[in-house]
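Inspection log for the structure reproduced underneath, given as structure tokens.
All of the numbers you see were taken from the coordinates with simple rules; none came from a lab. Worth saying up front: this structure is predicted, and the values here are computed from it rather than measured. For neighbour counting, all protein chains shown are included, and Cβ atoms are generated from backbone atoms with ideal geometry for every residue, glycine included.
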Amino acid sequence: MRRLAATLQGGTLSDAAKAIEGLATDLYQDDLATCHAIGAHGAAIAPGKRLRVLTHCNAGSLATAGYGTALGVIRALHAAGKLEIVYADETRPYLQGSRLTAFELEAEKIPYKVIADSVAAYLMQQAKVDWVVVGADRIAANGDTANKIGTYGLAVQSKHHGVEFYVAAPLSTFDLKIATGAGIPVEERDGDEIRIIANRQMAPRNAAVYNPSFDVTPSRLISGIITEKGVLRPPFEQSIAALRN
């Protein structure tokens, strides 16, 4: 927007407003097309059976221009008749799964169940999860992926139980200047997100809290990264490097 504004010197305010609105509309349409492409690529690699998919946090229309990355894959699976059910982690402590993802699934009439984060491993032990699909906040050059706290634990559980673990993200999420996940800064949030839930104090007022907002999943635990250009597979150093070409 700043670059566009710099080209509009000397014109009328009305012309500037139309140009800026036009760019915003283009960005919106581009993001929507990107998410639809991610969904299509995700659905294309699904096996013949209807899948039971677990997702974490919210990577849907509320987090994008209207379709979603991880939820875009889920929407595409549902539209193709390849989805049996979605398990939506609550995603503590901020509950993006139960507040946002469940809201979207309800609105789309996609079959789902909300689960506590601690239930996921038990579902996998019972062989009730086929895929885990999550979004990403940043992806390093080697495929290490930062996402909402709890994602790394899901990846470890998936690896142990033989469950496919996919990351769905646009190419803009890749930060090729960062070699590995060790270079991704992790925000630590206010302790009251843990101490207080729904205006009720759940821990001693002065309880010490460690509340990282994200964690980093090593690329060795990821089955594939679903992008708008296709699905990247291990070794990710090579498949991601090919994005530069």
For this session: Please give the FRET efficiency for residue 3 paired with residue 24, using the beta carbon to beta carbon distance and R0 = 22 Å, rounded to the nearest 0.05.
Result: 0.95
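Kirkwood hydrodynamic radius, the chain, all distinct C-alpha pairs: what's the number in Å? Could you put the intermediate results ahead of the total?
Numbers: mean 1/r = 0.0522 Å⁻¹.
One decimal place: 19.1 Å for the Kirkwood radius.
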Exercise. Any idea what the relative contact order of the chain is, in percent, if you count C-alpha pairs under 8 Å spaced at least 6 apart?
Worked result: 19 percent
Seminar exercise, completed: With Cα springs under 10 Å, the Gaussian network model of the chain assigns the largest mean-square fluctuation among 38, 225, 20 to 20
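For each pair in 82/109; 49/82; 177/229, compute the distance between the two Cα atoms and list the pairs where it is over 18 Å. It would help to have the intermediate numbers written out before the result.
Values: 82/109 15 Å; 49/82 6 Å; 177/229 20 Å.
Where the Cα-Cα span goes over 18 Å, the pairs concerned are 177/229.
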Seminar exercise, completed: A chain fully extended from residue 49 to residue 193 at 0.36 nm per residue, minus the present Cα-Cα distance, gains in nm 47.9 nm
Seminar exercise, completed: By the DSSP-based rule, helices of the chain that are at least 18 Å long along the axis (C-alpha) and have a mean Kyte score of at least 0.0 are 13-44
